[in-house]
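Enquirer: Below are the structure tokens for one structure; questions will follow.
The values are calculated or read from the model by the stated rules, or taken from the named source; none is laboratory data. Everything quoted here is computed from the prediction, not taken from an experiment. Here the Cβ positions follow ideal geometry from the backbone for every residue, glycine too, while neighbour counts run over all protein chains shown. Protein only, heavy atoms only, side chains kept; ligands, DNA and RNA dropped before computing areas. Shrake-Rupley method; radii C 1.70, N 1.55, O 1.52, S 1.80 Å.
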Amino acid sequence: MVHPFLPSGKPDFTRVVPCRCVKKELDDERLARLKRYSNLGTLAQFSFQNLEPQGRSGNPKNQAQFQQVCETIKAFAADPKGWLVFVGPSGSGKTHLAAALANERISHGFPAFYIATPDLLDHLRATFSPNSEIPYDEFFDQVRNAPLLILDDFGLQASTAWAREKLDQLLTYRYNSKLPTVIVPIVALEHLDDRLQTRLTDPELSKVCVIEEKQPVSFNYTWGPEFELQKSMTFDSFDWRRVNLSSEQRENLESAYQVAFEFAKSPEGWVVFMGETGCGKTHLAAAIVNYRYQASKPALFVVVPEFLDHLRSTFSPESKISFDQLFEKVKTAPLLVLDDFGEQTTTQWVREKLYQVINYRYNSRLPMVITTRYTIAEINENIESSISSRLIDPKLSTPFNITVPDYRGDNASQKRTYRRERRGR
């Protein structure tokens with residue numbers, strides 16, 4: 001600490017101020033505190049400086065729109081007032097922009113708190129534990145009164161009454177208090193309930209920033225060349241009267257056939273076929289798709305591990321289809337079959353992509369068929385609850401356990417070899 005100088009040039013011994021080195025230490029300490037408070041973690045590296053200046057779209061119209069949105073967000077970062085809502089397809093840069101906004105505020109010495117909505121709800125639940133380091137009321141109050149709150153992945157929250165109540169309390173408080181808030185929905189605004197839509201689109205408080213227009217994509221739903229075997233899997237070719245089965249097993253397989261056939265005629269909700277490899281669940285799932293194709297109705301059959309491989313390959317410059325196009329096709333297919341669910345590797349990226357697909361279809365109530373080797377107990381044990389709770393939700397899903405053993409004979413052997421080869425690619 002030092003004494004400042006008076007206008008006369010003499011030291012003012014009545015006051016002390018930090019010297020340059022101490023001031024720098026204090027500034028560095030404050031910045032470190034702000035970064036810890038921000039909850040950004042690895043997102044602390046995102047800034048306006050390392051942002052793609054024209055966004056990630058190759059469309060000139062989208063590039064111009066992205067630049068305009070960036071200017072709006074930078075102006076908000078300089079003086080946060082009201083709410084900002086970022087709208088755009090997956091991969092358009094919404095999270096980068098949200099993190100850049102927070103980091104810009106922090107770099108100027110102002111606090112900003114970032115959190116993904118599912119994480120927020122998880123933290124709130126955890127505060128009820130006796131071992132929690134922070135009481136529920138204290139944490140909720142911290143989020144509710146944050147000088148600048150950034151809610152990412154909004155719309156991914158569990159659709160429970162408790163979750164809806166907590167988010168409604170949070171947003172109602174900030175809405176009435178007009179506290180600066182940034183919301184990044186992961187679903188289209190029209191898929192949110194009316195009360196949320198009203199808040200997020202209120203022109204007196206909120207500004208919706210469309211980062212990139214969602215391009216309508218027309219898809220032809222047909223079997224790809226890699227599905228020659230599935231093209232022959234029809235209801236007519238499904239043999240539930242196998243001679244090597246007991247009467248109980250034959251009855252189980254006939255019931256599975258009836259469930260699949262009725263679903264094919266009028267797809268509503270979800271059907272989860274469970275059973276060991278070769279029991280017939282893939283045949284029934286493919287038969288549903290073939291039935292829909294024969295009726296000139298759209299349906300999409302994907303093998304989960306291969307779908308994820310295709311998603312990764314879309315990042316290659318040589319890819320003929322963009323990530324958004326493929327992801328959108330699977331998310332929004334009028335009828336989707338997810339074959340071999342549970343055979344995928346379990347990385348954070350994989351879990352995120354599968355969650356986004358399943359949650360979107362869950363909220364939109366889009367028909368789906370899932371095949372898996374897992375039992376219900378194994379689904380609960382091996383699949384994270386955010387996904388498993390949707391797969392076996394009795395309000396939407398019909399789980400069916402096929403108890404027959406693997407196919408016997410040459411045809412079965414060829415089938416198993418084919419499936420092993422597909423998984424090994």
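Enquirer: So between ALA377 and SER8, what do we pick up on full extension, going 0.36 nm a residue minus the alpha carbon distance? Before the final figure, lay out the partial values.
Expert: Working: separation 369, 0.36 × 369 = 132.84 nm, distance 8.28 nm.
Gain on extension, ALA377 to SER8, equals 124.6 nm.
Enquirer: Suppose the chain between GLU165 and ALA78 were pulled fully straight at 0.36 nm per residue; how much longer would it get relative to their current alpha carbon spacing? Display every interim value, and only then the final one.
Expert: Values: separation 87, 0.36 × 87 = 31.32 nm, distance 3.22 nm.
Fully extending the segment from GLU165 to ALA78 adds 28.1 nm.
Enquirer: Now for a different question. Which Cα, out of LEU148, VAL259, TRP240, lies furthest along the positive dipole direction of the range 143-286 (beta carbon charges, K/R +1, D/E -1)?
Expert: LEU148
Enquirer: Between SER177 and LYS61, what length in nm is gained on full extension when 0.36 nm per residue of separation is reduced by their alpha carbon distance?
Expert: 38.1 nm
Enquirer: For the range 256-389, just run the numbers: alpha carbon Rg, then divide by 2.2 N^0.38 Å, N being how many residues it has.
Expert: Numbers: Rg = 14.7 Å, N = 134, 2.2 N^0.38 = 14.1 Å.
Here the Cα radius of gyration is 1.04 times the empirical estimate.
Enquirer: Right, another one. Tell me, what ³J(HN,Hα) does each residue in the range 284-297 have, in order and in whole Hz, if you take phi through Karplus 6.51 cos²θ - 1.76 cosθ + 1.60 with θ = phi - 60° and put x for Gly and Pro?
Expert: 5, 5, 5, 5, 4, 4, 4, 4, 5, 5, 5, 8, 6, 10
Enquirer: Of LYS231/LYS281; LYS166/LYS331; LYS81/LYS207; LYS207/LYS329, which pairs sit farther than 20 Å apart, going by alpha carbon to alpha carbon? Working shown, then result.
Expert: Details: LYS231/LYS281 15 Å; LYS166/LYS331 27 Å; LYS81/LYS207 10 Å; LYS207/LYS329 29 Å.
Listed pairs above 20 Å: LYS166/LYS331; LYS207/LYS329.
Enquirer: Report the net charge of residues surrounding ALA285, where surrounding means a beta-carbon distance below 11 angstrom and charges are Lys +1, Arg +1, Asp -1, Glu -1.
Expert: Details: positive: LYS281; negative: ASP339, ASP340.
Charge balance near ALA285 sits at -1.
Enquirer: Using modelled amide H (1.01 Å from N, peptide plane; none on Pro or chain starts), what sits under 5 Å from the amide H of VAL272, excluding residues fewer than 5 places away?
Expert: Residues meeting the amide H criterion: ILE370, THR398, PHE400.
Enquirer: Quick one: how many Å² of TYR257 are accessible to a 1.4 Å probe, rounded to 10?
Expert: Around 40 Å² of this residue is reachable by solvent.
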